[in-house]
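Reading through the structure tokens given below for one structure.
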Amino acid sequence: MRAADPGFLVLPWPGGGGPDPEEGPVSAEEGQGGLLLRCGALLGLTLICVVVLRKWIAGGVCTCLVRLDGKTVLITGANTGIGKETSRELAQRGARVVMACRDLTRAERAAEEIRQTTGNGNVVIRHLDLASVYSVRQFAKDFLETEDRLDVLINNAGVMMCPKWLTEDGFETQLAVNHLGHFLLTNLLLPKLKSSTPSRVVNVSSIAHRGGRIDFDDLFFGRRLYSPLDSYRQSKLANVLFSRELARRLKGVGVSSFCLHPGVIRTELGRHVQGWFPLLGMLLSIPSLLLMKTPHQGCQTSVYCAVTPGLEARSGRYFSDCAEKEVAPEGQDDEVARRLWEESARLVGLKDTC
């Protein structure tokens, strides 16, 4: 019986099987053509892999189309990186955006760019230095006196793995800026958040909270050897615990609290890493173009937590890539969260808290 015709023809890979004795030697032109074909196939496969990798690294995208007309959003550290892109995204939705920044010159440049690209002229800047208790109190006082409402507070500003610096209040800089400044700011602005319900507080944390530890006996590395990474982890864990405790204290009030990991992003935040690990910084500078999110991609989870309807029932939860994720065990300790709240209030001189 004759075998069935498979219906297709299999051709040999050009130049892959060597010359056929019956066909004679392969010409130089044919050999070169086969090499070019293989190189082209390899290049095409590489490009496809790069596209797939970039799409995976980009993570989730906020697809919610909710408008924010008539709403006021306050974003700290808004003149660069994901803070700037978050400001742009929310301005495009019609919100009044208040950009709280330390450098007013850079802030105004960023604000003007956002006004131009979004067509929203209701984008304003205010001075805020989160490393200064005085500055935070003055900012909050001015905000409460001049703004009618506050619908979303996004605690975005931060420093990462900087040298051991002390603030004017004697606090270690990473814990001061990343946690204590935002803790004080949020508490001082609670009256406006409560009068604007339903409102939200969004705290930008990091996956680096995993492995972090709140050392109540030496929060500012006064006795132990300073580690920029341990300090950063402590501050990011503090963000998670603060968000959790805030949600517990505000349950039923109409103010929701969320924290998030934005991803690994190409921003100025990592500028101190090269100081500690110059070789690592040099090696990562080129791969970072492929292996890190852009600021626009990195702001998506912040926007998601700020605008997505129905998240109120998940107040106190942790998000990444526009989805709820499991927080590390150290971020679920309610007793540590309560103790951190009380110690933070004592350090910044806050007597009345929620």
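Filter segment 123-151 for residues that are touching a strand residue (DSSP E or B) at 6+ places or on another chain (Cβ under 8 Å) and open to solvent by 60 Å² or more (accessible area, probe 1.4 Å) and give the result. Explain how you work it out, then say what you get.
We begin by selecting, within segment 123-151, every residue touching a strand residue (DSSP E or B) at 6+ places or on another chain (Cβ under 8 Å); these are 123-128, 130, 135, 139, 142-143, 147-151.
Matches in segment 123-151: H127, D148, R149.
Quick one: how many residues across segment 290-323 are open to solvent by 40 Å² or more (accessible area, probe 1.4 Å) and touching a strand residue (DSSP E or B) at 6+ places or on another chain (Cβ under 7 Å)?
Total meeting the criteria: 4.
Among the residues of segment 195-218 satisfying the criterion of being assigned to a loop (DSSP other than H, G, I, E, B) and within 24 Å of the chain's Cα centre (by Cα), which is surrounded by the fewest Cβ atoms within 10 Å (Cβ to Cβ)?
Going residue by residue through segment 195-218, those that are assigned to a loop (DSSP other than H, G, I, E, B) are 195-198, 205-206, 210-218.
Remaining after also requiring within 24 Å of the chain's Cα centre (by Cα): 198, 205-206, 210-214.
Numbers: P198: 13, S205: 30, S206: 25, R210: 16, G211: 13, G212: 25, R213: 11, I214: 20.
This residue is R213.
Show the residue pairs meeting these rules: Cβ distance below 6 Å; 6+ apart or different chains; first residue within segment 97-115 and within 18 Å of I154 (Cα to Cα); second residue among the basic types (K, R) and part of a helix (DSSP H, G or I).
A110/K84; I114/R88
Would you tally the residues in segment 69-80 being within 21 Å of the chain's Cα centre (by Cα) and in contact (Cβ under 8 Å) with a residue 60 or more places away in the chain? First the steps, then the outcome.
Start the filter on segment 69-80 by keeping residues that are within 21 Å of the chain's Cα centre (by Cα), which leaves 72-80.
Now narrow it down to the ones that are in contact (Cβ under 8 Å) with a residue 60 or more places away in the chain: 72-78, 80.
Number of matching residues: 8.
Assess whether I114 counts as being modelled with pLDDT under 95, open to solvent by less than 60 Å² (accessible area, probe 1.4 Å), part of a helix (DSSP H, G or I) and over 13 Å from L185 (Cβ atoms). Working first, answer last.
Values: modelled with pLDDT under 95: no; open to solvent by less than 60 Å² (accessible area, probe 1.4 Å): yes; part of a helix (DSSP H, G or I): yes; over 13 Å from L185 (Cβ atoms): yes.
For I114, the condition - modelled with pLDDT under 95, open to solvent by less than 60 Å² (accessible area, probe 1.4 Å), part of a helix (DSSP H, G or I) and over 13 Å from L185 (Cβ atoms) - is not met.
Tell me which residues, restricted to segment 65-85, are under 18 Å from L193 (Cβ atoms), surrounded by 24 or more Cβ atoms within 10 Å (Cβ to Cβ) and among the β-branched types (V, I, T).
Of everything in segment 65-85, those that are under 18 Å from L193 (Cβ atoms), surrounded by 24 or more Cβ atoms within 10 Å (Cβ to Cβ) and among the β-branched types (V, I, T) turn out to be V73, I75, T76.
Of all residues in segment 220-253 being touching an Asp or Glu at 6+ places or on another chain (Cβ under 7 Å) and part of a loop (DSSP other than H, G, I, E, B), which is farthest from V348 (Cα to Cα)?
Checking each candidate, the answer is R224.
Can you tell me which residues in segment 324-346 are farther than 15 Å from E245 by Cβ and open to solvent by less than 60 Å² (accessible area, probe 1.4 Å)?
Step one: filter segment 324-346 for residues farther than 15 Å from E245 by Cβ, giving 324-326, 328-329.
A328, the sole residue that qualifies.
Give me a count of the residues in segment 56-92 that are over 25 Å from H182 (Cα atoms) and not β-branched (V, I, T). Walk me through how you get there before you give the answer.
Taking segment 56-92 as the starting set, the residues that turn out to be over 25 Å from H182 (Cα atoms) are 56-61, 63-67, 69, 92.
If we keep only those that are not β-branched (V, I, T) as well, we get 56, 58-60, 64-65, 67, 69, 92.
Total meeting the criteria: 9.
Which one is most open to solvent (accessible area, probe 1.4 Å), of the residues in segment 240-258 that are small (G, A, S) and closer than 17 Å to P191 by Cα? Show your work before the answer.
Pass one, segment 240-258, residues small (G, A, S): 243, 247, 252, 254, 256-257.
Within this subset, residues satisfying the condition of being closer than 17 Å to P191 by Cα are 247, 252, 254, 256-257.
Values: A247: 14, G252: 85, G254: 32, S256: 7, S257: 1 Å².
Filtering first and then ranking leaves G252.
If you scan segment 34-64, which residues turn out to be open to solvent by less than 50 Å² (accessible area, probe 1.4 Å) and either at pLDDT 95 or above or basic (K, R) (or both)?
Within segment 34-64, R54, C62, C64 meet the criteria.
Do you know which of the residues in segment 170-187 that are open to solvent by 10 Å² or more (accessible area, probe 1.4 Å) and either of a type in the set (S, T, N, Q) or touching a residue at least 60 places away in the same chain (Cβ under 8 Å) (or both) is nearest to S205 (Cα to Cα)?
Filtering segment 170-187 down to residues open to solvent by 10 Å² or more (accessible area, probe 1.4 Å) leaves 170-171, 173, 177, 187.
If we keep only those that are either of a type in the set (S, T, N, Q) or touching a residue at least 60 places away in the same chain (Cβ under 8 Å) (or both) too, we end up with 171, 173, 187.
On the way: F171: 19, T173: 16, N187: 18 Å.
Among residues in segment 170-187 that are open to solvent by 10 Å² or more (accessible area, probe 1.4 Å) and either of a type in the set (S, T, N, Q) or touching a residue at least 60 places away in the same chain (Cβ under 8 Å) (or both), the one nearest to S205 (Cα to Cα) is T173.
What are the residues in segment 82-110 that are touching a helix residue (DSSP H, G or I) at 6+ places or on another chain (Cβ under 8 Å) and either part of a helix (DSSP H, G or I) or basic (K, R) (or both), if any?
Taking segment 82-110 first, the residues touching a helix residue (DSSP H, G or I) at 6+ places or on another chain (Cβ under 8 Å) are 82, 84-93, 97-101, 110.
I82, K84, E85, T86, S87, R88, E89, L90, A91, Q92, R93, A110, listed by residue number.
Just to verify a result, which residue in segment 254-280, among those that are in contact with a Leu (Cβ under 8 Å, 6 or more places away or on another chain) and in a loop (DSSP other than H, G, I, E, B), is modelled with the lowest pLDDT?
Checked segment 254-280; the qualifying residue modelled with the lowest pLDDT is R266.
For V136, indicate whether it is in a loop (DSSP other than H, G, I, E, B), in contact with a helix residue (DSSP H, G or I) (Cβ under 6 Å, 6 or more places away or on another chain) and not basic (K, R). Quick ask: steps written out before the conclusion?
On the way: in a loop (DSSP other than H, G, I, E, B): no; in contact with a helix residue (DSSP H, G or I) (Cβ under 6 Å, 6 or more places away or on another chain): yes; not basic (K, R): yes.
Against the criterion (in a loop (DSSP other than H, G, I, E, B), in contact with a helix residue (DSSP H, G or I) (Cβ under 6 Å, 6 or more places away or on another chain) and not basic (K, R)), V136 does not qualify.
The values are calculated or read from the model by the stated rules, or taken from the named source; none is laboratory data. For clarity, every value in this text was computed on a predicted model and none was experimentally measured. Here the Cβ is made from the backbone with ideal geometry for all residues, glycine too, and neighbour counts use every protein chain on show. Accessible surface is based on the protein model in full, side chains and every heavy atom, while ligands, DNA and RNA are left aside. Shrake-Rupley method; radii C 1.70, N 1.55, O 1.52, S 1.80 Å.
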